[in-house]
Every structure is written in C-alpha cells, then in structure tokens.
C-alpha cells in the first residue's frame, strides 16, 4: 500500500505527518476549542512525538491514515481515515481544525479531498462507504460533514472514544 501519498487541491495539501511537525502540533493542540471536542492531549514535544509515533504506526498497518493539512504554508489541521482491521470497504473519517483553519472552509475541503481519494475505484483503497462521527453538540462539525456530502444517519449513544452522544454521518461511493 502506498500510504505515503500527499493529496493536493489548489493551495491545500494533505500529507502524512512527520516528526518535524512536533512543535507545530503541540501549538495546535494547545487550543482549548480542539480540547473541547476531541480526546487529543499534547502538552509538550514529548507528547507530540508519541502522538506522531502512533500516527506512523497506524499508517504502517493501514489501519489509520492520518494527514497534516497544510494551507498557505502553515500546518492547520488533522484529517484521518480510520480502517479498523485495515480492510473491507468501509472507513471512518475524522478531523480536527486548528485556529488557523477555522472559518475558511478548509475542513470541508480536506474531508472532501480525502473522501474522493478513499473512494477512487482505481486507487489503492477503493472504499464504498465512509462514516464520519462527531459530538452531537458540535454544530460546526455537523456543517462540515453536510457540506462535504455526508448525510446524517443517526444519533449514537455515548461510547468510547466518544463520551457524549454523537452524530453518525455517512457517504457512499458515487456510481
């Protein structure tokens, strides 16, 4: 699997995370808005390097393909395609947007770009269904999902790693 792929669209690039991103990652994850909606906790460079090692391990198995979003030369966001078990036609998309990305439509563009890559029938994944789960109390994530074409399917009860009710959105590969 060629999971080292970088995806680009105009001035937006999704690329695999690198150890050199540790300081920028630490700064992004210090944002209280991200902490409010995610379980990611990075307090210092050591935490960032451990987080990055987890991303590298997930990429090596194909179970978790995380990308750093770079826009205008600045690291601004994280988007991930999770594939528990590494196979099958279904994946889960997740993301968080740092302060430099908010309000610019970058999250929607990143989710759309990642989804198109995951669905590409001639590509290495050729998935048929993508799910996006977010905290039901986060209207911004709901808007991103809907603008990226994901339809709301159901309300999920709290379950790890989601400690609160969540929305399940889904998108199927276009015919």
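Most simply put, segment 7-172 has about 90% antiparallel DSSP beta bridges, counting only bridges with both residues inside it. Taking the centroid of alpha carbons for each part, segment 1-59 and segment 123-175 are 20 Å apart. Each of 141, 175 has some number of other Cβ atoms within 10 Å of its Cβ, and from fewest to most they run 175, 141.
Summary value for the chain: 17 percent relative contact order, contacts being C-alpha pairs under 8 angstrom separated by 6+ residues.
Computed packing ranks the peptides 157-165, 18-26, 105-113, 144-152 as 105-113, 144-152, 18-26, 157-165, most packed first, by mean other Cβ atoms within 10 Å. Across segment 7-172, counting alpha-carbon atoms alone, Rg and Dmax equal 14.9, 41 Å. Per-residue ellipticity at 222 nm from helix content only, as computed over the chain with -39500 (n - 2.57) for each DSSP H run of at least four residues, stands at -9000 deg cm²/dmol.
Considering only 94, 46, 58, the Gaussian network model of the chain with Cα springs below 10 Å gives its largest mean-square fluctuation to 46. Among 104, 59, 143, the largest mean-square fluctuation in a Gaussian network model of the chain, built with springs joining Cα atoms closer than 10 Å, belongs to 104.
Just so you know, all these numbers are worked out from the coordinates, no wet-lab data involved. Computed from a predicted structure; not experimentally measured. Cβ coordinates were reconstructed from backbone atoms using ideal geometry, including for glycine residues, and neighbour counts include every protein chain displayed.
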